[in-house]
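*Asks:* Below you'll find the structure I mean.
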């Protein structure tokens, strides 16, 4: 058994403010606490995977832009791809993995009452669509994994992120660790309760891997990217995108990896 865990910081229980997640807004203390919370949730997911498959190989990619994992506290059975080195899609995820798990996941940009909701950049992106389906980071990456035959089987994060996952993958296992009340407001499980839930649901997800289908779409792919007011689109045009209007571009590819950040 080989499991890939993709992490982000905004979806962990106890994290609901931008100043906990990004520099230079974050204080040293607030971001350190957020990283500790996420790291223990990742460790709980690893424990759940190992409960169900004691010999499992677990690879974790720290997917938060300025880093979200405390490398000194990571689970001893985890192999970590730490943030900071040059990396792009598919982040060393490949066909050899049995499943993709998400821990610390937030909802896509524009989701009502979703804490820290955004799609790749909270400052520049209004929405993404792939083949007409509105997706965030979770959806785009689940589609990328699906193109390689890897199913997304588990998501831990806020209630809106888990609902977003279930809309795409109905039988995905979800661990709701907080309930969104606004962009910087949520009702959270305690860290210990969140970890217990994640461990339980991660184990259940491993046992259910044979019954969860990859989120696969046949090529070609068309991606619509709409930026926020005042954000230039010239970088997308230089990449070969087609201009739809002053804030919207279209990218086309037969390889899903070209449409994921």
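*Asks:* Tally up the residues in region 247-261 that are farther than 30 Å from residue 46 by Cβ, in a loop (DSSP other than H, G, I, E, B) and modelled with pLDDT under 95, please. So that I can check it myself, show each step before the final result.
*Replies:* Taking region 247-261 and keeping what is farther than 30 Å from residue 46 by Cβ, we get 247-255, 258.
Those still in the list that are in a loop (DSSP other than H, G, I, E, B) too: 247, 254-255.
Still in the list and also modelled with pLDDT under 95: 254-255.
Residues in region 247-261 being farther than 30 Å from residue 46 by Cβ, in a loop (DSSP other than H, G, I, E, B) and modelled with pLDDT under 95: 2 in total.
*Asks:* Now for a separate question. Is there a residue in region 92-99 that is over 24 Å from residue 202 (Cβ atoms), touching a strand residue (DSSP E or B) at 6+ places or on another chain (Cβ under 7 Å) and surrounded by fewer than 16 Cβ atoms within 10 Å (Cβ to Cβ)?
*Replies:* no
*Asks:* Restricting to region 169-184, name every residue that is in a loop (DSSP other than H, G, I, E, B), out of contact with any helix residue (DSSP H, G or I) (no Cβ under 6 Å at 6 or more places or on another chain) and in contact (Cβ under 8 Å) with a residue 12 or more places away in the chain.
*Replies:* Initially, region 169-184 is screened for residues in a loop (DSSP other than H, G, I, E, B), giving 169-172, 183-184.
Narrowing the set further to residues that are out of contact with any helix residue (DSSP H, G or I) (no Cβ under 6 Å at 6 or more places or on another chain) leaves 169-171, 183-184.
If the condition is that a residue be in a loop (DSSP other than H, G, I, E, B), out of contact with any helix residue (DSSP H, G or I) (no Cβ under 6 Å at 6 or more places or on another chain) and in contact (Cβ under 8 Å) with a residue 12 or more places away in the chain, then 169, 171, 183, 184 are the ones that fit.
*Asks:* Listed residues 187, 166; which is free of Cβ contacts under 8 Å to residues at least 40 places away in the same chain, within 23 Å of residue 13 (Cα to Cα), more than 18 Å from the chain's Cα centre (by Cα) and not in a loop (DSSP other than H, G, I, E, B)? Outline the logic, then answer.
*Replies:* Values: 166 fails: more than 18 Å from the chain's Cα centre (by Cα).
Going through 187, 166 in turn, the sole match is 187.
*Asks:* Right, another one. Only residues in region 74-93 that are on the phi > 0 side of the Ramachandran plot count as the first member; pair them with residues that are surrounded by 15 or more Cβ atoms within 10 Å (Cβ to Cβ) and not in a loop (DSSP other than H, G, I, E, B), Cβ under 8 angstrom, at least 6 apart or cross-chain, and list the lot.
*Replies:* Close Cβ pairs satisfying both conditions: 91/6; 91/61; 91/81; 92/59; 92/61; 92/81.
*Asks:* Hey, among 47, 29, 19, which residue is modelled with pLDDT under 95 and touching a helix residue (DSSP H, G or I) at 6+ places or on another chain (Cβ under 7 Å)?
*Replies:* 19
*Asks:* Can you tell me which of (1) in contact with a strand residue (DSSP E or B) (Cβ under 7 Å, 6 or more places away or on another chain); (2) modelled with pLDDT of 95 or more; (3) part of a loop (DSSP other than H, G, I, E, B); (4) surrounded by fewer than 24 Cβ atoms within 10 Å (Cβ to Cβ) is the one residue 69 doesn't meet?
*Replies:* Checking residue 69 against (1) in contact with a strand residue (DSSP E or B) (Cβ under 7 Å, 6 or more places away or on another chain); (2) modelled with pLDDT of 95 or more; (3) part of a loop (DSSP other than H, G, I, E, B); (4) surrounded by fewer than 24 Cβ atoms within 10 Å (Cβ to Cβ), the one that fails is (4).
*Asks:* Cβ-Cβ under 7 Å, sequence separation 6+ or interchain: first residue in region 220-246 and at positive phi and touching a residue at least 24 places away in the same chain (Cβ under 8 Å), partner part of a strand (DSSP E or B) and exposed (fewer than 12 other Cβ atoms within 10 Å of the Cβ). Which pairs?
*Replies:* No pair meets every condition.
*Asks:* Can you report the number of residues in region 146-156 which are under 23 Å from residue 88 (Cβ atoms) and within 12 Å of the chain's Cα centre (by Cα)? Steps first, please.
*Replies:* Just the residues of region 146-156 that are under 23 Å from residue 88 (Cβ atoms), to begin with: 146-152, 155.
Still in the running and within 12 Å of the chain's Cα centre (by Cα): 152, 155.
Residues flagged as under 23 Å from residue 88 (Cβ atoms) and within 12 Å of the chain's Cα centre (by Cα) within region 146-156 amount to 2.
*Asks:* Output the residue which, of all residues in region 146-163 that are in a strand (DSSP E or B) and touching a residue at least 60 places away in the same chain (Cβ under 8 Å), is farthest from residue 114 (Cα to Cα).
*Replies:* Going through region 146-163, the residues in a strand (DSSP E or B) turn out to be 151-158.
With touching a residue at least 60 places away in the same chain (Cβ under 8 Å) added as a condition, the list becomes 151-152, 154, 156-158.
Values: 151: 25, 152: 21, 154: 19, 156: 14, 157: 11, 158: 8 Å.
For region 146-163, the residue satisfying everything is 151.
*Asks:* Restricting the search to region 195-228, which residues are part of a loop (DSSP other than H, G, I, E, B) and modelled with pLDDT of 95 or more? If you could, list the steps in order and put the result at the bottom.
*Replies:* Residues of region 195-228 that are part of a loop (DSSP other than H, G, I, E, B), as a first pass: 212-220, 228.
The answer is 212, 213, 214, 215, 228.
*Asks:* To continue, here is another question. Touching a strand residue (DSSP E or B) at 6+ places or on another chain (Cβ under 7 Å) and within 23 Å of residue 64 (Cβ to Cβ), is that true of residue 193?
*Replies:* Working: touching a strand residue (DSSP E or B) at 6+ places or on another chain (Cβ under 7 Å): no; within 23 Å of residue 64 (Cβ to Cβ): yes.
Here the answer is no, as residue 193 does not meet what is asked.
*Asks:* So residue 24 passes all but one of these: (1) surrounded by 20 or more Cβ atoms within 10 Å (Cβ to Cβ); (2) assigned to a loop (DSSP other than H, G, I, E, B); (3) at pLDDT below 95. Which condition number does it fail?
*Replies:* That leaves (1) as the condition not met.
*Asks:* Right, here's the next one. Given the conditions (1) under 19 Å from residue 259 (Cβ atoms); (2) surrounded by fewer than 23 Cβ atoms within 10 Å (Cβ to Cβ); (3) at pLDDT 95 or above, report the number of the one that residue 102 does not fulfil.
*Replies:* Just one mismatch for residue 102, condition (2).
The values are calculated or read from the model by the stated rules, or taken from the named source; none is laboratory data. Note that the structure is a prediction, hence the values are computed from the model and not measured. Cβ atoms come from the backbone with ideal geometry, glycine included; neighbour counts cover every protein chain shown.
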